[in-house]
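Provided herewith is a single structure, encoded as structure tokens, for subsequent inquiry.
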Amino acid sequence: MFRVVRRIKECRLALIEWNKRVKANTKVKIQEIKEKLKVAREEGDPCNSGDIASLKRQLSKAYKDEELFWSQKSRSRWLKEGDKNTTFFHISVTTKRKRNRISMLQKLNRDWCRSDQEIEEELCQHYRELFISTDPKEFDEML
């Protein structure tokens, strides 16, 4: 088992090195191409027009690669977290709505309010009593 674990680790490290060699960091690549493009434009040599066009194509490709990288990364996050309008996402939203909804409320006299109308009336009455019990000066300041 130790050999398998060691080989998996070696494979992972080899893949990281390969990725650095082949793809490299897109931000670094973009910066390098921009510098080359800047130097080519400053030279002002008419023979460099082909080089400038080539650098522009490379820069465009580097931007597309970076955009693809972030798109794939965000997609994997969506898939991992259940976003992207999946059933899981809708169920979690529905559950949260049910959990945050007040479906019943117990009055001070131990009766239950079950309808939305009763709950609304009970809450309004409760807050009216709170305001009435406060000092009138404080109440005026609150308004």
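The values are calculated or read from the model by the stated rules, or taken from the named source; none is laboratory data. Values in this document were obtained by computation on a predicted structure and should not be read as measured data. Glycine also receives a Cβ, built like all others from the backbone with ideal geometry; neighbour counts cover every protein chain displayed.
Do we find that Q58 is surrounded by 13 or more Cβ atoms within 10 Å (Cβ to Cβ), modelled with pLDDT of 85 or more and assigned to a helix (DSSP H, G or I) in this structure?
Here the answer is yes, as Q58 does meet what is asked.
Here's the yes/no breakdown for (1) in a helix (DSSP H, G or I); (2) closer than 30 Å to E129 by Cβ; (3) among the aliphatic types (A, V, I, L, M); (4) modelled with pLDDT under 85:
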{"residue": "Y63", "(1), (2), (3), (4)": "yes, no, no, no"}
{"residue": "E67", "(1), (2), (3), (4)": "yes, no, no, yes"}
{"residue": "S71", "(1), (2), (3), (4)": "yes, no, no, yes"}
{"residue": "S74", "(1), (2), (3), (4)": "yes, no, no, yes"}
{"residue": "H90", "(1), (2), (3), (4)": "yes, no, no, yes"}
{"residue": "T94", "(1), (2), (3), (4)": "yes, no, no, yes"}
{"residue": "S103", "(1), (2), (3), (4)": "no, yes, no, no"}
